[in-house]
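Single-structure report; data block below.
No lab work stands behind these numbers, since they all come straight from the coordinates. For clarity, every value in this text was computed on a predicted model and none was experimentally measured. Cβ atoms come from the backbone with ideal geometry, glycine included; neighbour counts cover every protein chain shown.
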Amino acid sequence: MQSSDCNHCLEVIDVLGGFFTLSHRSSSLDGSAPLRAVQACTPFLEGNAYGFHLTTTGIGLRLDRFGNVKAVQLTPQARSKLSSYQTKLRRVVRQGHLDAKGIWLERLATGAWWPSGRSFNLWTGLLAKSRGGVWMRLTRAYNRETIGLCVRESVLAEQERYVPLVLEMSCAPLPSGLIRLGGEVACLNPIRPGCGLSLSDFGKGRTSLEKFHQFYSPDYFREKNSSPPTKKYKQLVAQSSGLTATDETVPACTLFVSKFSKVELRKTNRYLTPEGIKTRIREAPFEYAVIRNTCWLRVASDGFSFDIQTRGWSRKARHIRRRWVAMFGGRSDYSIRSITNYSAPQAKGEAQFIIFPPVWAATTPGWSTMVEGFSGRGYAGFRGLIWTDVLPKVLGVFEVDNRRGVVSIRNNVPIMRLIPVPRDLMNATFEVRGLDAQRC
């Protein structure tokens, strides 16, 4: 794929000629997303489409009983992409894209994959560099992905030199002993570093939380009970589509929390650089927030309906309710429903549940918050984008593995990651060229 768009924020050289490909994923997951979500769930649709997805076919990972990769199986088509492998590496060096004495060439010269402890590294055949001050997060695919496969998160901040896109993966033991890499394997998310993240008691956020309070009005619940979904959020987003981030705007994201909220501000410590994988770079580190589970949670599903139980939440909910009433008065009964119900099913017939942590995010105009659910035993977190400049809401959607039926999430377990992103990056593009192509 070749892009001539001046908005592209990623430059890629395809060394192996299609061993992996980079593409924009459709918001409806090529029509496989539930109709209800396509009609009304804007955060889910934007989470599906955000970023550039790495796709491959014809690669199988043969596992031992512990989940370690013991062999790689290739179809004839995939094997043909690795023909003249060493010759292509030498051309990369001659063209100056890789250091002849660097750590990457030393590693890639042994082959396109190699083990590293319990992890397995796979080179996509792509060299990449960010541009325009935008960085890239390399993550798992989210929302539609291979069962049992986990991709370790990395950040590509390099703007001058190309870096090999290498996936560090771990695999869960599977009865079949085989993971086939088909469809999306990983995703590159454009991010803009420098957004200030801060925590504040939610009692100090009345101005921002007023938007939340007004959204969950009596009319909202009346309409929801009669003919869900209401599409109120979708309409709110449409009305606010003119909000854009400007160069003069100092990006900021404030997370309003209660004393029961468990939120940590973290810094990325894994960067893909021309000198190899580093834990830090000279630029300011990329920050994000992690929300931990506030109470013990048990979710049982038969594939159609849910039974959700919490332990240790009722007392915390009563405390939050008292403080919320003190802020907004007795007229706040309806908005209270949306802050004291910790978890709920997504919709009948869908094996998904939602967690509503006692956290509210408020971002600078033109910035959204990307919410990524962590995965655990028997459940997988989804990715979504919420316009937190118009509605300071945080929630996570998780899918239950129906083969287990019952999921338990312990107190204090990480459940969500929050990352502020400017919405102009939702239209970002990339440029891919081969070894023979010349840049325009």
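Under the classification rounded if a/c is under 1.5, otherwise prolate if a/b is larger than b/c and oblate if not, where does the stretch 260-320 fall, given a ≥ b ≥ c as square roots of the Cα gyration tensor eigenvalues? Please list the in-between numbers first.
Values: a/c = 5.49, a/b = 2.10, b/c = 2.61.
Because a/c hits 1.5 or more and a/b fails to exceed b/c, the stretch 260-320 counts as oblate.
Going by how many other beta carbons lie within 10 Å of each one, how would you line up GLU283, GLU168, fewest first? Walk me through the numbers on the way to the answer.
Numbers: GLU283 12, GLU168 19.
Placing the least packed residue first, the sequence is GLU283, GLU168.
How would you rank ILE291, ILE59, ILE103, going from fewest to most other Cβ atoms within 10 Å of each one's own Cβ?
Numbers: ILE291 25, ILE59 21, ILE103 13.
Ranked by crowding around the Cβ, least crowded first: ILE103, ILE59, ILE291.
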For the chain, longest principal axis from Cα atoms; helix 206-215 axis from its Cα atoms; angle between them, nearest 10 degrees, is 80
On the first, second and third principal axes, largest extent first, how far apart are the outermost C-alpha atoms of the stretch 1-84 in Å?
44, 40, 20
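What shape does the stretch 1-151 take by its C-alpha gyration tensor, where a ≥ b ≥ c are the square roots of the eigenvalues and a/c under 1.5 counts as rounded, a/b above b/c as prolate, and the rest as oblate? It would help to have the intermediate numbers written out before the result.
Working: a/c = 2.07, a/b = 1.31, b/c = 1.58.
Here the stretch 1-151 falls in the oblate category.
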Taking the Cα-to-Cβ direction at ARG36 and at ARG337 and moving 7 Å from each Cα, how far apart do the two end points lie in nm?
1.6
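Order by neighbour count: ILE354, ILE147, fewest other Cβ atoms within 10 Å first, most last. Can you show the working numbers first?
On the way: ILE354 18, ILE147 10.
The order, fewest Cβ neighbours first, is ILE147, ILE354.
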About the Cα centre of the stretch 341-427, what is the dipole size in debye to 20, counting +1 per Lys and Arg Cβ and -1 per Asp and Glu Cβ, all else neutral?
300
If you fit an axis through the alpha-carbon atoms of helix 314-328 and take the longest principal axis of the Cα set of the chain, what angle between them do you get, 0 to 90°, nearest 10?
70
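Determine the gain in length on full extension of the stretch THR244-GLU275; use 0.36 nm per residue of separation and subtract their C-alpha separation, reporting nm with one decimal.
Numbers: separation 31, 0.36 × 31 = 11.16 nm, distance 3.63 nm.
The span from THR244 to GLU275 would gain 7.5 nm if fully extended.
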Calculated Rg and Dmax of the stretch 196-424 using C-alpha coordinates, Å:
18.3, 60
Can you compute the modelled spin-label distance between LEU265 and ALA100, with each label point 7 Å from Cα toward Cβ, in nm?
4.7
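Can you classify the stretch 330-438 as rounded, prolate or oblate using the Cα gyration tensor, where a ≥ b ≥ c are the square roots of its eigenvalues, rounded means a/c under 1.5, and otherwise it's prolate if a/b beats b/c and oblate if not? Please list the in-between numbers first.
Values: a/c = 2.67, a/b = 1.35, b/c = 1.98.
Oblate.
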Among VAL390, GLN346, GLN77, which residue has its Cα positioned farthest towards the positive end of the charge dipole of the chain, with +1 placed on the Cβ of Lys and Arg, -1 on the Cβ of Asp and Glu, and the dipole taken about the Cα centre?
GLN346
Square roots of 5 times each gyration tensor eigenvalue, C-alpha, the stretch 79-163, largest first, Å
23, 19, 12
Additional length obtainable on full extension of the chain from ASP219 to SER408, 0.36 nm per residue less Cα span
64.6 nm
Which angle from 0 to 90°, rounded to the nearest 10, does the C-alpha axis of helix 85-94 make with the longest principal axis of the chain?
90
Report the extension gain between GLN77 and ARG377 in nm, rounded to one decimal, defined as 0.36 nm multiplied by the number of residues separating them, less their alpha carbon distance.
104.5 nm
